Amino acid sequence: MTYELSPIDESGTATRIYPWSARPSSVTCYLTDAEWDLEEVDRTGTVDALSLRHARFRTNADGDVLDHLDLEFDFIPLVHVPNTVSSAGHFGQSSLLALAPAP
C-alpha cells in the first residue's frame, strides 16, 4: 500500500479548495494497494522496483480499484500505532520517532 502526493491533473494546473484551508491546493493524495505473486517478481531487481504490470490491485468497499485512487485530500494520512503496550508505566520509543524532524 502506498500513498503519493502528486498534482491533481497531469498539467499541474488544476486546484481544489479543501475544507481545512482557504488556500487552493494543486496536489492530492493518491492511494495504490497492490499484491504480487512471488513467481512474477523480478528477482534481479529490488523490492522498490516491483512492476505494476504484474500487480493485482485491491478494491475498496465501493468497488473502486485501488490503483492511483484520488483520495481528495492534500496530505498523506498517518496512523500511529505504538510499538509497546500502553499502561500506567508506558515506556518505549515510537517507531515513527526516527521520521520526526529534529527539535
Sorted peptide list for 28-39, 11-22, criterion being average Cβ within 10 angstrom, highest first: 28-39, 11-22
In this structure, the FRET efficiency calculated for R56 and T2 from their beta-carbon separation, with R0 = 22 Å, to the nearest 0.05, is 0.90
Label 7 Å along Cα→Cβ of L69; the stretch 15-36 residues with amide nitrogen under 17 Å? 28-36
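Bear in mind these aren't lab numbers, they're just calculated from the coordinates by the rules spelled out. Because the structure is a prediction, the values reported are computed rather than measured. Quick reminder, even Gly has a Cβ in these numbers, built from the backbone with ideal geometry, and neighbours come from all protein chains shown.
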